[in-house]
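Following: one structure in structure tokens, then a few remarks.
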Amino acid sequence: MKSLEERLQKRSIKPTSVRLLIFQTMSEFKKAFSLTDLETELETVNKSTIFRTLTLFHDNLLIHTIDDGSGSMKYSICSDSCMCNVGDLHVHFNCNRCKNTFCLESIAIPPIQLPDSFLLESINFVMKGMCNECSRFFKKQITPNKTAF
């Protein structure tokens with residue numbers, strides 16, 4: 001629990017027991033998560049408390065938001081060095097089959113050349129397709145005489 005406390009403190013967030021519980025739960029997700037995902041995992045924590053904590057974490061650059069086009073905002077924990085500026089942004093991948101969204105931190109968003117009078121504040125770069133697990137399942141379903149499309 002000590003390292004979780006330290007991560008909160010590094011982002012100027014007071015490590016209360018509820019915040020630590022929510023952050024611990026976030027840390028256990030292997031994919032981007034939604035408010036509903038957190039509510040499901042944290043049945044004993046009030047929905048408004050979870051939402052206020054997400055807002056606090058986002059405002060203090062502990063998590064970033066992802067609009068993957070699903071209609072539900074997703075969240076992911078930032079790396080220790082991330083300051084959520086345009087240079088820190090990375091690609092996200094949304095699986096069309098399982099609907100999970102993944103951070104692809106190793107793929108940086110390419111530089112974008114805007115007209116001189118434009119000021120870039122954020123970029124939303126989401127790729128869509130099938131994740132590793134779904135594509136393995138899909139490949140098993142295709143017989144040699146059938147095609148995927």
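The values are calculated or read from the model by the stated rules, or taken from the named source; none is laboratory data. Given the structure is predicted, the values throughout are model-derived calculations rather than measurements. For neighbour counting, all protein chains shown are included, and Cβ atoms are generated from backbone atoms with ideal geometry for every residue, glycine included. Please note that ligands, DNA and RNA were not included when accessible areas were found on the heavy atoms of the full protein model with its side chains. Shrake-Rupley method; radii C 1.70, N 1.55, O 1.52, S 1.80 Å.
Give the residue list of chymotrypsin sites (Phe, Trp or Tyr not before Pro) in segment 32-136 that are DSSP loop and have at most 11 other beta-carbon atoms within 10 angstrom.
Of the chymotrypsin sites (Phe, Trp or Tyr not before Pro), the ones in loops of segment 32-136 whose Cβ has at most 11 other Cβ atoms within 10 Å are Phe118.
Tabulate in residue order the Karplus-calculated ³J(HN,Hα) for segment 117-129, using 6.51 cos²θ - 1.76 cosθ + 1.60 with θ = phi - 60°, rounded to whole Hz; enter x for Gly and Pro.
Those phi angles translate into 8, 9, 10, 7, 10, 7, 9, 10, 10, 10, 9, 10, x Hz.
Quick one: among Lys139, Lys74, Lys99, which has the greatest mean-square fluctuation in a GNM of the chain with alpha-carbon springs under 10 angstrom?
Between Lys139, Lys74, Lys99, it is Lys139 that shows the largest mean-square fluctuation.
Please report the antiparallel percentage of the DSSP beta bridges confined to the chain, to the nearest 5.
Rounded to the nearest five, the antiparallel share is 75 percent.
Mind putting together the pair-distance distribution for segment 61-121? All Cα pairs, 10 Å bins, whole percent per bin, short to long.
Pairs per bin, as whole percents: 19, 47, 29, 5, 0.
Asp80 to Lys139: FRET efficiency via 1/(1 + (r/R0)^6), r the Cβ-Cβ distance, R0 41 Å, to the nearest 0.05?
Details: r = 37 Å, r/R0 = 0.90.
The calculated FRET efficiency here is 0.65.
How far is it, in nm, from the label point at Val126 to the one at Lys31 when both lie 7 Å from their Cα along the line to the Cβ?
Output for this residue pair reads 1.3 nm.
Which ³J(HN,Hα) values in Hz, rounded to whole numbers, follow from the phi angles of segment 33-50 under the Karplus curve 6.51 cos²θ - 1.76 cosθ + 1.60, where θ = phi - 60° and Gly and Pro get x?
Listing the rounded values in order: 10, 10, 4, 4, 4, 5, 4, 5, 6, 10, 4, 8, 9, 4, 4, 5, 5, 4 Hz.
Would you mind calculating the gained length between Thr16 and Val45 on full extension (0.36 nm times residue separation, minus the Cα-Cα distance), in nm to one decimal? Present the calculation step by step, with values, prior to reporting the outcome.
Details: separation 29, 0.36 × 29 = 10.44 nm, distance 1.34 nm.
Contour length minus Cα-Cα distance gives 9.1 nm.
Taking the Cα-to-Cβ direction at Ile112 and at Lys99 and moving 7 Å from each Cα, how far apart do the two end points lie in nm?
Once both label points are built, they end up 2.7 nm from each other.
Add -39500 (n - 2.57) for each DSSP H run of 4 or more in the chain, then divide by its residues: what number comes out at 222 nm, to the nearest 500 deg cm²/dmol?
Details: 5 runs with 51 residues, N = 149.
Computed ellipticity for the chain at 222 nm equals -10000 deg cm²/dmol.
May I ask you to derive the relative contact order of segment 43-106, considering only C-alpha pairs under 8 Å and at least 6 residues apart, and to give it as an integer percent?
21 percent
Could you grab the relative contact order for the chain? Cα pairs under 8 Å, six or more apart, rounded to a whole percent.
Normalised by residue count, the contact order of the chain is 18 percent.
Given the protein chains as shown and a 1.4 Å probe, how many square angstrom of Leu120 are accessible, to the nearest 10?
70 Å²
Heavy-atom accessible area per residue, segment 1-117, 1.4 Å probe: how many Å²?
59 Å²
Could you give log10 I(q)/I(0) at q = 0.09, 0.11 Å⁻¹ for the chain, computed by the Debye formula over C-alpha point scatterers of equal weight, without solvent?
-0.36, -0.52
Using the beta-carbon distance between Ser3 and Asn60 and R0 = 22 Å, what value does 1/(1 + (r/R0)^6) give for FRET efficiency, to the nearest 0.05?
For R0 = 22 Å, the calculated efficiency reads 0.85.
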